[in-house]
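K.L.:
One structure is given below, represented as structure tokens, and several questions about it will come after.
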Amino acid sequence: MNYQDILNEIHEEIQPYLKLGKVASYIPELANVPYEKFGMSLHTVDGKTHSVGNAYENFSIQSISKLFTLTLAKQLVGEKLWARVGREPSGNPFNSLVQLEYENGIPRNPFINAGALVITDVLISNFDNPKDKILDFIRLLSGNKDINYDPDVALSENKTGYLNKALANFLKSFKNLDNEPEQVLDVYFNQCSLAMNCCDLANSCIFLANDGRSHHFDEVITTEKQTKYINSILLTCGTYDSVGDFAYRVGLPGKSGVGGGIVAVMPDKFSICVWSPGLNESGNSLAGTKALELFTTMTGISVF
């Protein structure tokens, strides 16, 4: 199958969709990203890369970072993690205070904001410098030692992240944070500010398509069982409150971020990342979701 020709065709077909979404203006540093940007990169389990458009331009990965912090937390505490966070789709906005309150401080899953804050709390309790550990892990997975946090984005989120601050204090009141909310929020805002490109992210996620192994080093990142578990949570919880629609249209486990990026994997075949900053009503990239739908339709490859 000629993946490059397929990506080139998608790049042409997707152009009318680039103007339809809205950028995440509630984070001031993201409000100025040009909506016409589009990149896509595919990395296969046999080590080949195919890219198109702005695939090598950095963007703010935002909630895609939750995939990597979840992987680190699973390495640290294993199944004990699920005593503090659930594994079910939320059915509500990713920053819902109401759901957290009526479920007594146990977030529905690790990919909504409250769940990600609990995961970050686990990392803080286990690492002397969690920000450095997260960064080192991403650099290792991607094979790119130049990846870094964007301090302007982190500051912008800190200044305007009132709902996240409320969520952290809710969690603390329910005794589901071991560390102080301010410390958890600092690490969380920084992890969301990570600047990466489509190729970096496709490389970073290949372990989820390759039985827990990266192409950049021999160490096993996740066991086959852990890989299966993470992919299942991606499929059921990875795209906010529109996981059903994403599964219907795309048919791959995936994780989105309000910076406009989406990563997805097909076990035993590839990892793929698409970036287009215009979002749909659920906070997922509008053109990015369409591009992935076109890809699985053209190739006939999905988990279903």
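Taken together, the values in this text are just the output of simple stated rules run on the coordinates, not laboratory data. None of the values given here were measured: they were computed from a predicted structure. As a convention, Cβ positions derive from the backbone with ideal geometry for all residues, glycine included, and neighbour counts pool all protein chains shown.
K.L.:
May I ask for the net charge around Ala209, where only other residues with Cβ less than 14 Å from the Cβ of Ala209 are counted and Lys, Arg are +1 while Asp, Glu are -1?
P.N.:
Combined, the nearby Lys, Arg, Asp and Glu give +1.
K.L.:
Please report the net charge: other residues with Cβ closer than 12 Å to the Cβ of Phe127, K and R +1, D and E -1. Display every interim value, and only then the final one.
P.N.:
Numbers: positive: Lys131, Lys133; negative: Asp121, Asp128, Asp132, Asp136.
Once positives and negatives cancel, what remains is -2.
K.L.:
While we're looking at this one, here's another question. Find the percent of Cα-Cα distances in the chain that exceed 32 Å, and round it to a whole number. Each step should come with its number before you reach the end.
P.N.:
Details: 8238 of 46056 pairs.
Looking at the chain, the distances longer than 32 Å represent 18 percent of pairs.
K.L.:
Rounded, prolate or oblate, given the Cα gyration tensor of the stretch 1-108, with a/c below 1.5 counting as rounded? Write out the running numbers ahead of the final one.
P.N.:
Working: a/c = 2.61, a/b = 1.52, b/c = 1.71.
The shape class here is oblate.
K.L.:
Also, quick follow-up: Which one, Ile138, Ile14, Ile262, has the greatest fluctuation when you compute a Gaussian network model over the chain with C-alpha springs under 10 angstrom?
P.N.:
Ile14
K.L.:
Another question, if that's okay. What residue among Thr160, Thr71, Thr222 has the largest mean-square fluctuation in a Gaussian network model of the chain, using Cα springs under 10 Å?
P.N.:
Thr160
K.L.:
If I build a Gaussian network model for the chain, linking alpha-carbon pairs within less than 10 angstrom, which residue out of Gly288, Gly39, Gly212 has the largest mean-square fluctuation?
P.N.:
Per the Cα network of the chain with a 10 Å cutoff, Gly212 tops the list.
K.L.:
Something else about it: Loop-only chymotrypsin sites (Phe, Trp or Tyr not before Pro) in the stretch 175-267, please: DSSP not H, G, I, E or B, and at most 11 other Cβ atoms within 10 Å.
P.N.:
Values: sites: Tyr188, Phe189, Phe207, Phe217, Tyr229, Tyr240, Phe246, Tyr248; in loops: Phe217.
Filter output for the stretch 175-267: Phe217.
K.L.:
Expressed in nm², what is the orientationally averaged projection area of the convex hull enclosing the Cα positions of the stretch 9-49?
P.N.:
Averaged projected area of the stretch 9-49's Cα convex hull equals 4.3 nm².
K.L.:
Could you tell me how far the Cα centroid of the stretch 162-217 sits from the Cα centroid of the stretch 59-108, in Å?
P.N.:
10 Å
K.L.:
Tell me what the chain gives for mean residue ellipticity at 222 nm when only DSSP H runs of n ≥ 4 count, each as -39,500 (n - 2.57), the sum divided by the residue total, rounded to 500 deg cm²/dmol. Mind showing how you got there, number by number?
P.N.:
Numbers: 12 runs with 133 residues, N = 304.
That calculation yields -13500 deg cm²/dmol at 222 nm.
K.L.:
Check the cysteines of the chain one by one and keep only those with no other cysteine Cβ under 4.7 Å from their own.
P.N.:
Those would be Cys192, Cys199, Cys205, Cys237, since no other cysteine Cβ in the chain comes under 4.7 Å of theirs.
K.L.:
Moving to a separate point now. Return P(r) of the stretch 154-304 (all Cα-Cα pairs; 5 Å bins starting at 0; whole %; ordered from short to long distances).
P.N.:
The percentages, shortest bin first, are 2, 9, 16, 18, 18, 16, 12, 7, 2, 0.
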